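Remarks on the structure that follows.
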Amino acid sequence: MISPLDLSDRTLAERLLAIQHAAYAIEAELIGFDGIPPLQEDLAGLMSSTEHWLGRYDGDVLVGAVAYEFPDDDTVEISRLIVDPAYARRGHGRALLDHLDQQEPRPASLVSTGSANTPAVNLYKSRGYHEIARIEVALGVEVTQFER
């Protein structure tokens, strides 16, 4: 099941933050950089997020989420895609992206990920995204920007 998330619910926000930290810890290992902003975010920061959120549940357990924004009327920008590592590689991330496409269809979709995060890069490419830029965010650490 996928549904919108209300981050004013503290218990929900605590679970989401735990998933976020676990997921970004994996990305930090993959890209060799632990300065990823969501990895450093605290509960107050997450609960004050202005992003839109969808959560994926396995039964009644939140296992992943996608956050997104609208930089303009024609574009959806995915700002976070997180899956609890205990539930990874089971299609939860793809399901979240598919649901977002259906719920918020836009002519353009943007997303960024660490260039060395091969699982994420492969997921986005398999969904029709193509690379539009690479940005060095720290010495030897690149982020790839994708568009579809």
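Before moving on, here are some points about what is shown:
- Here is the figure for the stretch 39-55: residues that are in a helix (DSSP H, G or I), surrounded by fewer than 16 Cβ atoms within 10 Å (Cβ to Cβ) and modelled with pLDDT of 95 or more total 3.
- Every pair of residues 6+ apart whose Cβ atoms lie under 6 Å, when the first sits in the stretch 119-145 and is small (G, A, S) while the second is surrounded by 15 or more Cβ atoms within 10 Å (Cβ to Cβ): A120/T113; G128/R148; A133/Q145; A138/F33
- Only a single criterion out of (1) modelled with pLDDT under 95; (2) closer than 23 Å to Q145 by Cβ is not satisfied by R89, namely (2).
- The stretch 62-85, subset farther than 18 Å from D6 by Cβ and in contact (Cβ under 8 Å) with a residue 60 or more places away in the chain, residue surrounded by the most Cβ atoms within 10 Å (Cβ to Cβ): V83
- Set side by side, the residues I36, I26 differ, and just one is at pLDDT below 95, surrounded by 12 or more Cβ atoms within 10 Å (Cβ to Cβ) and within 21 Å of L110 (Cβ to Cβ), which is I36.
- Scanning the stretch 137-148 for residues that are closer than 16 Å to R80 by Cα and open to solvent by less than 30 Å² (accessible area, probe 1.4 Å) yields a total of 2.
- Scanning the stretch 109-145 for residues that are touching a helix residue (DSSP H, G or I) at 6+ places or on another chain (Cβ under 9 Å) and charged (D, E, K, R) yields R127, E131, E142.
- Which listed residue, of R134, R90, is open to solvent by 70 Å² or more (accessible area, probe 1.4 Å) and within 23 Å of A22 (Cα to Cα): R90
- Tallying residues that are touching a residue at least 24 places away in the same chain (Cβ under 8 Å) and farther than 19 Å from L39 by Cα within the stretch 92-118 yields 14.
- Tally, over the stretch 102-119, of residues that are open to solvent by 20 Å² or more (accessible area, probe 1.4 Å), small (G, A, S) and closer than 17 Å to I82 by Cβ: 1
The values are calculated or read from the model by the stated rules, or taken from the named source; none is laboratory data. On a predicted model such as this, the values are computed, not experimentally measured, just so you know. Cβ sites come from the backbone with ideal geometry, for glycine too, and all protein chains shown count toward neighbours. The protein model used for the area step is the full one, side chains on, heavy atoms only, and it has no ligands, DNA or RNA in it. Shrake-Rupley method; radii C 1.70, N 1.55, O 1.52, S 1.80 Å.
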